[in-house]
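J.: Please see the structure below; I have some questions.
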Amino acid sequence: MKQKTAFAPILTIENGITDVDFYQKAFGAIELRRFGNDDGSIHVSEMEIDGALFHLHEVTKIYTSTPLRLAGTTVTIGLFVDDVDGVIAAAVAAGATLSSPAKDYFYGYRQGEIVDPHGHRWQIQKKIPQTQRTDEND
């Protein structure tokens, strides 16, 4: 049986990180497995949000930087959810910074953006029916 194509982003974190509970508290992520270092810090954490995999990986020769070191990122992770406002509120309560509050856009999405404690930018979003759109001119 052919495996379904899927994206599994690798999010780089600083060396020495031991706690990645943010993703569990903010997004309901489940840590599937962890590869640790001798000091108890995380080398790799494999996580899942509703079947969507992603990995947290400490800085190495291959993964050479983090958004915090770069003071920015070239990637925004789009996370589709049923309750955009609720997920954003949970993320902020778990330690994220709100960069753009949720609102409806003319192209049919409700979206807001947060930056997680490791500097990764997340766009929390859902497709909305035409009849529920409110900000038609954005």
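J.: Taking only region 34-54 into account, find how many residues are within 14 Å of residue 20 (Cα to Cα) and without any contact (Cβ under 8 Å) to a residue 12 or more places away in the chain.
T.: 2
J.: In addition: So for region 36-52 (the condition being among the charged types (D, E, K, R) and closer than 19 Å to residue 123 by Cα), does at least one residue qualify? Walk me through how you get there before you give the answer.
T.: Of region 36-52, the ones among the charged types (D, E, K, R) are 38-39, 46, 48, 50.
Applying the additional criterion that residues be closer than 19 Å to residue 123 by Cα yields 48, 50.
Yes.
J.: Collect the residues in region 1-40 that are of a type in the set (Lys, Arg) and either closer than 13 Å to residue 58 by Cα or at pLDDT 95 or above (or both), keeping them in residue-number order.
T.: Just the residues of region 1-40 that are of a type in the set (Lys, Arg), to begin with: 2, 4, 25, 33-34.
25, 33, 34, listed by residue number.
J.: Can you pull out the residues in region 65-101 that are in contact (Cβ under 8 Å) with a residue 40 or more places away in the chain and β-branched (Val, Ile, Thr)?
T.: 66, 73, 75, 76, 77, 81, 84, 87
J.: Tell me, which strands (runs of 3 or more DSSP E) lie completely within region 20-138 with 3 or more residues that are over 18 Å from residue 9 (Cα atoms) and open to solvent by 30 Å² or more (accessible area, probe 1.4 Å)?
T.: Correct list: 97-104.
J.: Here are some conditions: (1) modelled with pLDDT of 95 or more; (2) in contact with a helix residue (DSSP H, G or I) (Cβ under 9 Å, 6 or more places away or on another chain). Residue 84 meets all but one. Which one does it not meet?
T.: With (1) modelled with pLDDT of 95 or more; (2) in contact with a helix residue (DSSP H, G or I) (Cβ under 9 Å, 6 or more places away or on another chain) applied to residue 84, the lone miss is (2).
J.: Also: Checking the structure you have, find out if any residue of region 2-11 is farther than 24 Å from residue 111 by Cβ and open to solvent by less than 90 Å² (accessible area, probe 1.4 Å). Lay out the reasoning, then the answer.
T.: Let us first name the residues in region 2-11 that are farther than 24 Å from residue 111 by Cβ, namely 2-5.
Pick out the ones that are also open to solvent by less than 90 Å² (accessible area, probe 1.4 Å) and you get none.
No, that holds for no residue.
The values are calculated or read from the model by the stated rules, or taken from the named source; none is laboratory data. Computed from a prediction, not measured in an experiment: that's the story for all the values here. Here Cβ is always computed from backbone atoms with ideal geometry, including for glycine, and neighbour counts include all displayed protein chains. Protein only, heavy atoms only, side chains kept; ligands, DNA and RNA dropped before computing areas. Shrake-Rupley method; radii C 1.70, N 1.55, O 1.52, S 1.80 Å.
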